[in-house]
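The values are calculated or read from the model by the stated rules, or taken from the named source; none is laboratory data. Given the structure is predicted, the values throughout are model-derived calculations rather than measurements. Cβ atoms come from the backbone with ideal geometry, glycine included; neighbour counts cover every protein chain shown.
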Amino acid sequence: MDHYIPKRRIPVTLWTEELHGVAGQIFLDLDATGNRHPTILETLNRATPFFPIAVGEDGRIHLVNRRKLARVTPARHVIPSDIFARGFEPWREEPADLLLADGARLSGRVQIPLQRETERLSDFLNRLGDGFFVLTTTAGAHLVAANAVVEVQISESAGSPIAAEAASEF
């Protein structure tokens, strides 16, 4: 006998190299104990390769390969606790400009859960593998697939400008 888990539908838009802005509803489990509901970020970071999404007026179910996703954008009215949960762990926001495999360019702040105080954005992205992370922009939150990121530009500098160092060597 199958065990049914009640779900909530959260409106999102999916972006891949093949699908540009497909609107649908992702399903989030309802916690029967009432303690804590899973977030979109947790749902996208599960190990299963496919997840269901309801698309269109009739709510037809599509199974989407999460490894093909570049990003998932929740609707503007979706509450932050449905997108990701910070809990009591230390976090930091790091400004960054991203270029994604689908050609999208996004600027915002990457939400970094810190495993150590000295953790850099590069440490966080290298640790993610094919997982998703949150980028908050002026337009809202985006859940970005780390494997869809082509380039990240950060405001951090390496000290003195490279041109000044090259000029002093001659």
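Restricting region 119-132 to residues that are in contact with a Leu (Cβ under 9 Å, 6 or more places away or on another chain) and at pLDDT below 95 leaves a set whose member that is surrounded by the most Cβ atoms within 10 Å (Cβ to Cβ) is Phe124.
Does Ala104 satisfy the criteria of being over 14 Å from Phe84 (Cβ atoms) and within 11 Å of the chain's Cα centre (by Cα)? Considered against the rule, which asks whether it is over 14 Å from Phe84 (Cβ atoms) and within 11 Å of the chain's Cα centre (by Cα), Ala104 comes out as no. Taking the listed residues Glu57, Glu17, the one that is closer than 19 Å to Leu69 by Cα, over 15 Å from the mean Cα position of the chain (by Cα) and modelled with pLDDT under 90 is Glu17, with no other qualifying. Of all residues in region 105-118, those satisfying the criterion of being modelled with pLDDT of 90 or more and surrounded by fewer than 17 Cβ atoms within 10 Å (Cβ to Cβ) are Arg105, Ser107, Arg109. Condition check for Ser81 on (1) hydroxyl-bearing (Ser, Thr, Tyr); (2) more than 26 Å from Glu151 (Cα to Cα); (3) surrounded by 15 or more Cβ atoms within 10 Å (Cβ to Cβ): one failure, at (3).
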